[in-house]
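Visitor: A single structure is presented below for examination.
The values are calculated or read from the model by the stated rules, or taken from the named source; none is laboratory data. All figures in this text were calculated on a predicted structure; none of them were measured in a lab. Note that we place each Cβ from the backbone using ideal geometry, even for glycine, and neighbour counts take in every protein chain shown. Surface areas here come from the heavy atoms of the whole protein model, side chains and all, with no ligands, DNA or RNA. Shrake-Rupley method; radii C 1.70, N 1.55, O 1.52, S 1.80 Å.
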Amino acid sequence: MKFFVDTADVKEIRELAETGLLDGVTTNPSLIAKSGRDFIEVVKEICAIVEGPVSAEVTALDAAGMIAEGTKLAKIAKNIAIKVPLTWDGLKACKHFTSRGTMVNVTLCFSAAQAILAAKAGATFISPFVGRLDDVGQDGLQLIHDICEIYNQYDAFTTQVLVASVRHPIHIVEAAKMGAHVATLPPNVMKQLAQHPLTDKGLAAFLADWQKTGQKIVA
Ligand code: G3P
């Protein structure tokens, strides 16, 4: 499973990239607004930090506008993935870009039917929003299960399932069991994956015993 980080905070991206565990970045207009920075400038900076795909989202609602915006965004760097919404116009723009070799992340997916359309439009990534479905009393992980199952039926469907709107580590573990290709995580959730109270407790006990030996591994 690839890990993308869902943020436009360059400091956080740099810190996570240093772990060597980061495969890409996703941004959206809300995350850009939260960063308080210029869109093009911040995306350019992110693309220089991370080698993998960096999603940059269009804001036009019509296909022609999305294509114009996406064409400009694609020029920022080779690792840009144009993010388009799952609408008819978004699907048209998706087809436009993927048939020209530009990566596309189709976002705001809330149903398996939508995911089938994205695969047919040649999307590189489909982003089902698990947390937002959970928030309205629907089962976000069931959607990941359904999409993985459907995509696995057809060799022609090469779209990668990118689990988005992740709220906690269980979303990641369950989606990984289903074979989802990618998850985009808020930085705090990525850090939570490493945490376990028994790890902390075990480490404290090992260090207390080690100190009793009076030894040092490196003098
Ligand atoms: O970037 C898309 C998605 O991950 C947004 O998540 O937390 O705003 O529902 P959230």
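Visitor: Any chance you could run the full-extension gain for Lys72 through Gln211? It's 0.36 nm times the residue separation minus the Cα-Cα distance, nm to one decimal.
Guide: Stretched out fully, the Lys72 to Gln211 stretch lengthens by 44.2 nm.
Visitor: What is the distance in Å between the Cα centres of segment 42-99 and segment 120-170?
Guide: Each part's Cα centre sits 20 Å from the other's.
Visitor: Once you keep just the Cα pairs under 8 angstrom separated by 6 or more residues, what percentage relative contact order results for segment 73-145?
Guide: Rounded, it is 25 percent for segment 73-145.
Visitor: Express in nm, to one decimal, how much length is gained between Arg132 and Ala194 on full extension, taking 0.36 nm for each residue of separation and deducting their alpha carbon distance.
Guide: Full-extension gain reported as 19.9 nm.
Visitor: Could you state how much accessible area Met1 has, in square angstrom rounded to the nearest 10, with a 1.4 Å probe and all protein chains kept in place?
Guide: Answer for Met1: close to 90 Å² accessible.
Visitor: Okay, next question. In the full protein assembly as shown, how much of Val218 is accessible to a 1.4 Å probe, in Å² to the nearest 10?
Guide: So the heavy atoms of Val218 present about 120 Å² to solvent.
Visitor: Taking a probe of 1.4 Å, how large is the accessible area per residue of the chain, in Å²?
Guide: About 53 Å² of surface per residue is accessible.
Visitor: Right, here's the next one. Taking the Cα centre of segment 92-180 as origin, sum charge times position over the Cβ atoms of Lys and Arg (+1) and Asp and Glu (-1), and report the length of that vector in debye to the nearest 20.
Guide: About 440 debye.
Visitor: Moving to a separate point now. When the convex hull of the C-alpha atoms of the chain is computed, what volume per residue in Å³ does it have?
Guide: Spread over its residues, the Cα hull of the chain gives 154 Å³ apiece.
Visitor: Which one, Ala164, Thr199, Val106, is farthest towards the positive end of the dipole of segment 2-213 when Lys and Arg carry +1 and Asp and Glu -1 on their Cβ?
Guide: Ranked along the dipole, the leading option is Val106.
Visitor: Among Ala115, Ala17, Ala56, whose mean-square fluctuation peaks in a Gaussian network model of the chain (Cα, cutoff 10 Å)?
Guide: Ala17
Visitor: Could you tell me which trypsin sites (Lys or Arg not before Pro) in segment 49-92 are loop residues by DSSP with no more than 16 other beta carbons within 10 angstrom of their beta carbon? List each step's numbers first, then the result.
Guide: Details: sites: Lys72, Lys75, Lys78, Lys83, Lys92; in loops: Lys75, Lys78.
Taking segment 49-92 and a limit of 16 other Cβ atoms within 10 Å, the loop trypsin sites (Lys or Arg not before Pro) found are Lys75, Lys78.
Visitor: So, one more: Leaving out ligands, DNA and RNA, and with a 1.4 Å probe, what % of the accessible surface on the chain is carbon or sulfur?
Guide: Roughly 56 percent of what the probe reaches on the chain is carbon or sulfur.
Visitor: Using +1 on the beta carbon of Lys and Arg, -1 on that of Asp and Glu, and nothing else charged, what's the dipole of segment 2-213 about the Cα centre, debye to 20?
Guide: 360
Visitor: Of all beta bridges DSSP finds with both residues in the chain, what is the antiparallel percent, to the nearest 5?
Guide: Here the share of antiparallel DSSP bridges comes out near 0 percent.
Visitor: Here's something else I'd like to know. Would you calculate a helix-derived [θ] at 222 nm for the chain, using -39,500 (n - 2.57) for each DSSP H run of n ≥ 4 and dividing by the full residue count, to the nearest 500? Intermediate values should be presented prior to the final figure.
Guide: Values: 11 runs with 108 residues, N = 219.
Result for the chain, helices only: -14500 deg cm²/dmol.
Visitor: For segment 24-134, give me the percentage of DSSP beta bridges that are antiparallel, rounded to the nearest 5 percent.
Guide: 0
Visitor: If you don't mind, there's one more thing I want to ask. Based on DSSP loop calls and a cut-off of at most 16 other Cβ atoms within 10 Å, the longest stretch of the chain free of exposed GluC sites (Glu not before Pro) is what? Please list the in-between numbers first.
Guide: Values: sites that count: Glu18, Glu51.
In the chain, the maximal stretch lacking such sites is 52-219.
Visitor: Kindly flag which residue pairs out of Lys2/Lys95; Lys11/Lys78; Lys177/Lys212; Lys44/Lys191; Lys2/Lys44; Lys2/Lys34 have an alpha-carbon separation exceeding 32 Å in this structure.
Guide: Working: Lys2/Lys95 24 Å; Lys11/Lys78 22 Å; Lys177/Lys212 42 Å; Lys44/Lys191 25 Å; Lys2/Lys44 22 Å; Lys2/Lys34 25 Å.
Going by Cα-Cα distance, Lys177/Lys212 fall outside the 32 Å limit.
Visitor: Pairs of Cα atoms under 8 Å, at least six residues apart: use those to get the relative contact order of segment 86-219, whole percent.
Guide: Over segment 86-219, the number comes to 18 percent.
Visitor: Using a cut-off of 11 Å between beta-carbons, work out the net charge of the residues near His181 (Lys and Arg +1, Asp and Glu -1, His181 not included). The partial results should precede the final answer.
Guide: Values: positive: Lys2; negative: Asp23.
So the surrounding residues net to 0.
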